[in-house]
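> Following this message is one structure expressed as structure tokens.
The values are calculated or read from the model by the stated rules, or taken from the named source; none is laboratory data. Everything quoted here is computed from the prediction, not taken from an experiment. With ideal geometry, Cβ positions are generated from the backbone for all residues, glycine too; neighbour counts draw on all protein chains shown.
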Amino acid sequence: MAIADISHRKKFLARGNVYLPHIVVIEKIIEETPDTQTFHFNFKDKKLGEEFTFDSGQFGEYSVFGIGEAPFCISSSPTRRDHLEFAVKRVGRVTNALHRLGVGAELGFRGPYGNSFPLDYLKGKNLVFVAGGIGLAPLRSLIWNVSDNRDKYQKIDIIYGARSPADLCFSYDLESWSQDRIINMVTTVDEGDKDWAGREGFVPQVLEQVAPSAKNAVAVVCGPPIMIRFTFPVLDKLGFTPEQILTTLEKRMKCGVGKCGRCNIGDIYVCRDGPVFSYAQIKNFISSEY
Ligand code: FES
């Protein structure tokens, strides 16, 4: 299966130095959870914005001037061109600086980088999305992409979980998808609170209970390493082959363009060879690294 498809990004990057960021402006900020925000943004140079293209699964490098730069997937769908989105969990210097920004602030952006989800491979298939926490961010780009082109795909299952109800990201998407008749939306939390009337249980356990068929299906998985590690055996038990399982890794990336050597796992570079991989491509080293 050919996953990499980077011809169009090369065209965009050919505009100049790959390390030179373009200026983008924050247009909206959504508080997803106490430590996670989604940023809506557009290019300051409108012409550049019109020329910019990306595919679901690709990422960008975002810089807060004077502080530093960090990679995040583009979490919006290429089918919705009004603005771009990325989601940030507060974990360190750059992410804290991003969270201090307000609407109207300017950021540096370079990209898109990496490969993307193989839409041709997914066509005509049943799709099973399995995500935990902020791991839904790259998957939501693909989910909106396929649901905006729903005649090309079959049934869609989404199994999404977080530690607690307050940690569920993209609640507005979860609401939309739960009302969509072609989508089977299953939301779970590790532990509910007094107001939670929904499902409780870890994502891999809930996946096993929902038991989507592996027939003519592809599973797309993203979440915390522990969730990923326990999800692969469940998918295997359900009959998904390693070629029928896709994931996206954003491990330790820095430069984003295959130069710094920070993102290698085994003999692959996540930024250059991924971030989207089939389980068949990574299963030999995933247990030691994830
Ligand atoms: S992030 Fe620098 S080589 Fe991959």
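> Residue under question is S76, and the condition is that it be of a type in the set (G, A, S) and under 14 Å from the mean Cα position of the chain (by Cα); does it hold?
yes
> Of all residues being more than 13 Å from the ligand (Cβ to nearest atom) and not aromatic (F, W, Y) in segment 268-280, which is nearest to L249 (Cα to Cα)? Just the residue, please.
V276
> Would you point out which residue out of L249, L235 is modelled with pLDDT of 95 or more and aliphatic (A, V, I, L, M)? Walk me through it before giving the result.
Values: L249 fails: modelled with pLDDT of 95 or more.
L235 is the lone residue from the list that is modelled with pLDDT of 95 or more and aliphatic (A, V, I, L, M).
> Looking only at segment 76-83, decide whether some residue is buried (at least 17 other Cβ atoms within 10 Å of the Cβ), modelled with pLDDT under 95, touching a Phe, Trp or Tyr at 6+ places or on another chain (Cβ under 9 Å) and over 22 Å from T33 (Cα atoms).
Within segment 76-83, not a single residue is buried (at least 17 other Cβ atoms within 10 Å of the Cβ), modelled with pLDDT under 95, touching a Phe, Trp or Tyr at 6+ places or on another chain (Cβ under 9 Å) and over 22 Å from T33 (Cα atoms).
> Based on what the data block shows, is G274 small (G, A, S) and within 23 Å of L127 (Cα to Cα)?
yes
> So which of A166, A137 is outside any strand (DSSP E or B), among the aliphatic types (A, V, I, L, M) and farther than 25 Å from R81 by Cβ?
A166
> So, one more: For segment 167-194: of the residues being small (G, A, S) and modelled with pLDDT of 95 or more, which is farthest from V206 (Cα to Cα)?
Once the filter is applied, the top-ranked residue is S176.
> Let me ask something additional. Would you confirm whether any residue within segment 241-258 is out of contact with any helix residue (DSSP H, G or I) (no Cβ under 9 Å at 6 or more places or on another chain), within 19 Å of P118 (Cα to Cα), among the β-branched types (V, I, T) and within 16 Å of the ligand (Cβ to nearest atom)?
No, there is no match, as no residue in segment 241-258 is out of contact with any helix residue (DSSP H, G or I) (no Cβ under 9 Å at 6 or more places or on another chain), within 19 Å of P118 (Cα to Cα), among the β-branched types (V, I, T) and within 16 Å of the ligand (Cβ to nearest atom).
> So Q281 fits all but one of (1) in contact with a Gly (Cβ under 6 Å, 6 or more places away or on another chain); (2) over 27 Å from E31 (Cα atoms); (3) among the polar types (S, T, N, Q); what number is the exception?
(1)
> Kindly list the number of the only condition in (1) assigned to a helix (DSSP H, G or I); (2) touching a residue at least 12 places away in the same chain (Cβ under 8 Å) that fails for L127.
For L127, the exception is condition (1).
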